[in-house]
1. Kindly provide the set of residues from region A:303-337 that are within 12 Å of the ligand (Cβ to nearest atom) and among the charged types (D, E, K, R), ordered by number.
2. Can you pull out every residue in region B:24-33 that is part of a helix (DSSP H, G or I) and surrounded by 21 or more Cβ atoms within 10 Å (Cβ to Cβ)?
3. Taking the criterion of being within 12 Å of the ligand (Cβ to nearest atom), within 14 Å of another protein chain (Cβ to nearest Cβ) and buried (at least 24 other Cβ atoms within 10 Å of the Cβ), would at least one residue in region A:116-130 satisfy it?
4. Give me the residue from region A:270-280 that is touching a Gly at 6+ places or on another chain (Cβ under 8 Å) and not in a loop (DSSP other than H, G, I, E, B) and, out of that set, nearest to the other protein chains (Cβ to nearest Cβ).
5. When the residues of region A:288-308 are filtered to those that are within 11 Å of chain B (Cβ to nearest Cβ) and of a type in the set (D, E, K, R), which remaining residue is surrounded by the fewest Cβ atoms within 10 Å (Cβ to Cβ)?
6. Give the number of residues within region B:100-149 that are within 11 Å of another protein chain (Cβ to nearest Cβ) and not in a loop (DSSP other than H, G, I, E, B).
7. Would you be able to say whether some residue in region A:24-35 is among the hydrophobic types (A, V, I, L, M, F, W, C), away from chain B (no Cβ under 14 Å), in a helix (DSSP H, G or I) and closer than 26 Å to residue A:130 by Cβ?
8. Inside region A:228-246, can you point out the residues that are in contact with a Ser or Thr (Cβ under 9 Å, 6 or more places away or on another chain) and either modelled with pLDDT under 95 or away from the ligand (no atom under 14 Å from the Cβ) (or both)?
Amino acid sequence: MLGAGYFGPFGGRFVAETLVPALEELDRARQDVLPTPAFQGELHELLRSYVGRPTPLTEAKRLARRIDPDGDAIAELLLKREDLCHTGAHKINNALGQLLLAKAMGKTRIIAETGAGQHGVATATAAALLGLPCEVYQGALDMERQAPNVARMRLLGARVVPVESGSRTLKDAMNEALRDWVTNVRTTYYCVGSAAGPHPYPTLVASLQRIIGDEARASCLDRGALPDAVVACVGGGSNAIGIFKAFEGDTSVSLYGVEAAGLGLDTDKHAATLSRGRVGVLHGAKTYVLCDDAGQVIEAHSVSAGLDYPGVGPEHARLRDTGRATYVSATDTEALDAAREVARAEGIVVALETAHAFAALGAIARREAEARGRPARMLVCLSGRGDKDLDTITAYGGGK
Amino acid sequence: MHRIDQRFVELRRAGRKALCVYLCVGDPSLEASGFLALEAIDAGADLLELGVPFSDPTADGPTLARAAQRAIAAGATLERVLDVASRVRARSEVPLVLFTYYNPVLVVGEAKVARLARAAGVDALLVVDLPPEEAAPLRDACAAEGLGVVPLVSPTSHAARIEAIRRASTPLDGAPRAFVYSISMTGVTGASPSDLAAAARDAEGMRRAFDRPVLVGFGIDSGASAKLAAGEVSGGADGVVVGTALARRIEQAASGDEQRRAVRTFVGELRRALDLPD
Ligand SMILES: Cc1ncc(COP(=O)(O)O)c(C=O)c1O
């Protein structure tokens, strides 16, 4: 019999014994506190008055025509605007919910890991709002390539701890956050930034992010129809699971996750865990992992720090294996080109993570249109804005 | 009786505390680890934990994380660590515990790992990130080969949790009883010890709860702290596990000869301290 927190054969709780009681305590709070009217009331008021929810759906007509000039593939292109959330990405939905929970649990110190820095900024923001001290672990490479977010976290009063081990990216930041947590577990709340990690995090994060899909689905129905396909980028998988959840039961709706193919799937420099990984255990969950025959985790690569991770949330592993969702990938250059396309066509500077979803959009729409015998209604999760990536995009030539 | 259980019976009969020495195998090289293991046995180690280096050792502090990086660079894998185990086994009857993170076991395959471990003369596995709730398949695979799986308890394990661990880790038919690993503090390996005397007292309670030998580990870095963590001769823990402090000495030694001398000297110091009367 499998333990708690499984999605088919994936998930579980693979951590040092010291953390098991803390995860049990968190799971109890998730079940006993999170659903109460008082908690939900406070969270939703903050999501409305502080985060700026609900976020709009934007119809992207010019971008649709640039991707699909003849109109054969795309009937309608809708963008769920998580970039308009306070702090500029979907990460705040999760951070605010978890920190309210931390407060209810009586925790007095917050830690988090971050890759792109969006989760770090979101956690630092929620910590400032709730008056909690906060430390964020970030790979040293990511601190360089996402410097504006490091400055924001510091301005918000968080301590940013550089992580020099391994690939100096998100994986290593999560290792270091887990080491901190195991040391300070009695007082500290670990705010995990994606729908990954040991149970109950994948379930908890998905339940806080599903507001993306719930709102988007209601907006689509207001406009008259469900989309044919929903597209989101996948790092650990939180924005994707957040938008997928609401559509999972709609059998007419195809779900697509886009992973980072880095320099290419056939190189050893990518982060396409679901496309190229194998079943393993990383950071407390059984899921797909990029690792070698001996079980050593391989360092991922992506131009986008938020997708540069050799694991993925366990619920995506199940959605992949059951076929309910399809996972494709986009390379670094495809994403950089897409970021420029979206900026020129729609006046929106998207995060490089999000740009991967746009990079794969044309191929996905053609596939859907072919299967359906008509142009498809497409919904994309625009997970975040790209101010943090200006240096990378400009250096590539996107500013030309 | 299984070799590892026999060892605890003998130690108890002699009124001695067990000294379990952890080595990160492959640091500095696979060949050197074999020699260092034999050196530790000569100097008085009663059991060895042979560590499989892992790329993402989240339960380890900087010293053992660096040792793992060196070992991986030197080509250490789970299967090569088992080659070292069989070389040690050819020279000694000391109980051997394969210490690993779960991913290498899962990727190589639980049944295969158990089979290879038995062939190499290993007595039990200890998987740091595999709580008993997740360990049933590995326990079955190990029991089929006559191997144990060592459970861990931590200062955060409350009474109900200890009972759950006890139940889920009850030795299966054919498997040794082995021991229970009691973590002395909340933290990663190599952090400075907190209250080792309290850890020894907790271990005594744990021994009553589990009715199995209990070894205390984490933060033991000298003869004096080993003695403190082991507790009184008549009570306390059944012994101690020492890892980081030895890895640090191996790291700081300038040559292979010096490494062997460092292991001999330090393990000897631990041995003498543990054998002192109260
Ligand atoms: C804007 C944005 N989108 C997506 C991601 C990827 O994370 P996830 O897959 O959890 O949504 C990140 C992570 O940093 C991000 O900042």
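1. A:308, A:315
2. If the condition is that a residue be part of a helix (DSSP H, G or I) and surrounded by 21 or more Cβ atoms within 10 Å (Cβ to Cβ), then B:33 is the only one that fits.
3. Step one: list which residues in region A:116-130 are within 12 Å of the ligand (Cβ to nearest atom), which gives A:116-123.
Next, from what is left, pick out any that are within 14 Å of another protein chain (Cβ to nearest Cβ): none.
No, there is no match, as no residue in region A:116-130 is within 12 Å of the ligand (Cβ to nearest atom), within 14 Å of another protein chain (Cβ to nearest Cβ) and buried (at least 24 other Cβ atoms within 10 Å of the Cβ).
4. Checked region A:270-280; the qualifying residue nearest to the other protein chains (Cβ to nearest Cβ) is A:280.
5. A:293
6. 15
7. yes
8. Listed by number, the residues that qualify are A:228, A:229.
The values are calculated or read from the model by the stated rules, or taken from the named source; none is laboratory data. None of these values were measured; they are calculated from a predicted model. Here the Cβ is made from the backbone with ideal geometry for all residues, glycine too, and neighbour counts use every protein chain on show.
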